[in-house]
Amino acid sequence: MLQQGYPNLEYIIIDGGSTDESIDIIRKYETWIDFWVSEKDRGQSHAINKGFEKATGELFCWLNSDDFFSPDALFKAAESFLSNPSAGAIVGAGQKIDESGNFISSADPFDVTVDSLYRWTERFFWQPSCFFSKQAWEQCGPLDESLHYAMDLDLWFKIAKKYSFSRIEATLSINLMHSKSKTNAL
């Protein structure tokens, strides 16, 4: 994300008390981080909610530890919101790669509505390729902490009931699939 070059960007890191090298990595980049904490939490949804409690921007998104943004993703997302100010969220394409950087698959954006979300198993997008407005978060969030999986889909349903989604064809995020990734364990 540091290479995005996007102005007025907040980096908020909520770590669940990692015992690996995560804290050393966070400290290495601490001068660019607006807020970080490493402490036990009640799970992924709780950690994300804690992060958004600290956020002050107008456009929200989150990355998990095995996700990253494509070059210029933040600029593309912001341009889309400026072009579609009534949208509650925007969605772009996403790619999945393996640990060697080899392409596995992609998910293309589509017209997101409540009806299309009911067909999630047929057509989906990757969570880090979705950005949403602060207003949508305030009206539709926080994430349901009882959900261990699909907490993002639950949020998309809530947003789609109140707002339109805008789509852009650009690839916004890349997900690293590895043997220890949460979604690979399903």
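The values are calculated or read from the model by the stated rules, or taken from the named source; none is laboratory data. Please read all numbers here as calculations on a predicted model, not as lab measurements. For neighbour counting, all protein chains shown are included, and Cβ atoms are generated from backbone atoms with ideal geometry for every residue, glycine included. Calculation scope for accessible area: heavy atoms of the full protein, side chains included, ligands and nucleic acids excluded. Shrake-Rupley method; radii C 1.70, N 1.55, O 1.52, S 1.80 Å.
Taken per residue, the accessible surface of the stretch 22-174 reaches 54 Å², heavy atoms only and a 1.4 Å probe. Which values of log₁₀ I(q)/I(0), to two decimal places, follow from the Debye formula for the chain at q = 0.10, 0.15, 0.18, 0.19 Å⁻¹ with a uniform point scatterer at every Cα? Per q value, in the given order, log10 I(q)/I(0) is -0.39, -0.94, -1.44, -1.62.
Please compare each pair in LYS54/LYS134; LYS50/LYS96; LYS76/LYS134; LYS50/LYS158; LYS134/LYS161; LYS76/LYS96 to a cut-off of 23 Å on the Cα-Cα distance and tell me which ones are over it. Over 23 Å Cα-Cα: LYS50/LYS96.
Globularity index of the stretch 99-138 is 1.48 (Cα radius of gyration / 2.2 N^0.38 Å, N = number of residues). Considering only SER80, SER65, SER166, the mean-square fluctuation computed in a Gaussian network model of the chain, springs between alpha carbons under 10 angstrom, is largest for SER65.
Across the stretch 64-114, Cα-Cα pairs farther apart than 12 Å form 73% of the total.
The share of alpha-carbon pairs in the stretch 52-145 lying farther apart than 15 Å comes to 66%.
Only protein atoms count toward the accessible area here, which uses a 1.4 Å probe; on the stretch 1-81, the carbon and sulfur part of that area reaches 49 percent.
Among SER45, ASN175, PHE165, which residue has its Cα furthest toward the positive end of the charge dipole of the chain, with +1 on Lys/Arg Cβ and -1 on Asp/Glu Cβ? Selected residue: PHE165. For the stretch 130-170 and the stretch 1-65, what is the centre-to-centre distance using only Cα atoms, to the nearest Å? Centre-to-centre distance over Cα atoms comes out at 19 Å. Remark: spin-label model distance GLU10-ASP72 equals 2.7 nm, labels positioned 7 Å along the Cα→Cβ axis.
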